[in-house]
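> Quick one: the structure is below, and I'll ask about it shortly.
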Amino acid sequence: MQELAARPRRPKQVQRKIVRAIVDGVLLLDKPQGMSSNGALQTARRLLNAAKAGHTGTLDPMASGLLPLTFGEATKFSQMLLDADKTYEAVVQLGIETDSGDAEGAVLASRPVAVERAQLDAVLENFRGDIEQVPPMYSALKRDGKALYEYARAGIEIEREARKVRVHALELLDFADTRFSIRVACSKGTYIRSLAMDIGSALGCGAHLCALRRTRIGAFDVADALTLDALEAQPAEVRAGLLAPADTLVAAYPACHLDAEQACGLLQGRVLVLGETGAEGLVRVYGPQGFIGLGQWQQGGKLAARRLIATGADAPGASA
């Protein structure tokens, strides 16, 4: 009986493990229109080969502009920009209402537009300062664990309560025919889409947002931001050097400098009694090797850790 030839064994498929680098810092990104914030984050993370990444608040795919991205230890301070004031430039189309409140939505109604500049100026005055605003259905706000936009896509309307926001400045940049552009400086939680719809409602013709660009968050300006193309054009070994340091996110707080022993104690969770007379509140804390995180001044000149970064020479157990 003829023996069957042994079948050759298939070589085992070896899965390549992606080794990510330890990258710390903040990338001021000028997000392009048409890309989601998560898509921009993942692209930047790939270009930097970063192990850990996050963002400081999203921009809709339709919007462009400033999107600070955090990497490594800087992700611990992302909340600081979530709470910051923001500035936008927006283009509003009068006479057309959409289900999403922007140009990507389905048209719900069209009305004739007979608006003069003086009328628009008068209406804009009502939207400066503290105002109440109903969040749009197409938003990431959660209800029973689901984002509102998920309900909206399923054709379900959820009742939303009006929320108070502050419009620090509202400037009319241009007005022609049925479109106008504005610059808005506002508090966190302000929806420019809702602002556009509310202005259109006040004018009696309806409106939707047809373009949006974020130009400022806190002290950061889009003029200092990089595009993804500009980041990719740099040699891989120099890209991480384009990031701002983590303490850039907390630059608004006063600085507190500690010696090596004090820094080690704070990193070990001890409350330091320094006898300082400064006001209570958050401070940027630095050791001999640089920034180590946020501290909290307490009564009696005590300094407690609030949010610390993983560090080297100042870390517990580090050699002298």
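> Take the alpha-carbon positions of the chain, form their convex hull, and give its projected area averaged over all directions (one quarter of the hull surface) in nm².
28.7
> By how many nm would the segment from D259 to A118 grow when fully extended, if each residue of separation counts as 0.36 nm and the alpha-carbon distance is taken off? List each step's numbers first, then the result.
Details: separation 141, 0.36 × 141 = 50.76 nm, distance 6.16 nm.
Length difference between fully extended and current span is 44.6 nm.
> Using just the helices of the chain, give the 222 nm mean residue ellipticity in deg cm²/dmol: DSSP H runs with n ≥ 4 each add -39,500 (n - 2.57), and the total is spread over all residues, rounded to 500. Please list the in-between numbers first.
Numbers: 7 runs with 57 residues, N = 320.
One gets -5000 deg cm²/dmol as the mean residue ellipticity at 222 nm.
> Which value, in Å³ per residue, describes the convex hull spanned by the Cα atoms of the stretch 253-308? Intermediate values should be presented prior to the final figure.
Working: hull volume 3.7 nm³, N = 56.
Residue-normalised Cα hull volume stands at 66 Å³.
> Please sort 255-261, 23-29 by packing, taking for each peptide the average over its residues of neighbouring beta carbons within 10 angstrom, highest first. Mind dumping the intermediate values first?
Numbers: 255-261: 14.3, 23-29: 22.7.
Final packing ranking: 23-29, 255-261.
> Within 10 Å, count the other beta carbons around each residue, average over each peptide in 95-104, 140-149, and list them highest first.
Numbers: 95-104: 19.8, 140-149: 12.5.
Packing proxy ranking, top to bottom: 95-104, 140-149.
> In Å, the Kirkwood hydrodynamic radius of the stretch 174-311 over pairs of distinct alpha carbons? Intermediate results must be reported in sequence, preceding the final value.
Numbers: mean 1/r = 0.0519 Å⁻¹.
Result for the stretch 174-311 stands at 19.3 Å.
> For the stretch 86-217, what does the relative contact order come out to in percent, with C-alpha contacts under 8 Å and a separation of six or more? Each step should come with its number before you reach the end.
Details: 271 pairs, mean separation 57.1, N = 132.
Once divided by the residue count of the stretch 86-217, the mean separation gives 43 percent.
> Taking every alpha carbon pair in the stretch 86-217, what does the distance histogram look like in 10 angstrom bins from 0, in percent?
13, 44, 35, 8, 0
Since every read-out is calculated from the coordinates, none of them should be taken as a lab result. If you're wondering where the values come from, they're calculated on a predicted model, not measured in any experiment. We place every Cβ from the backbone using ideal geometry, glycine too, and count neighbours over all the protein chains shown.
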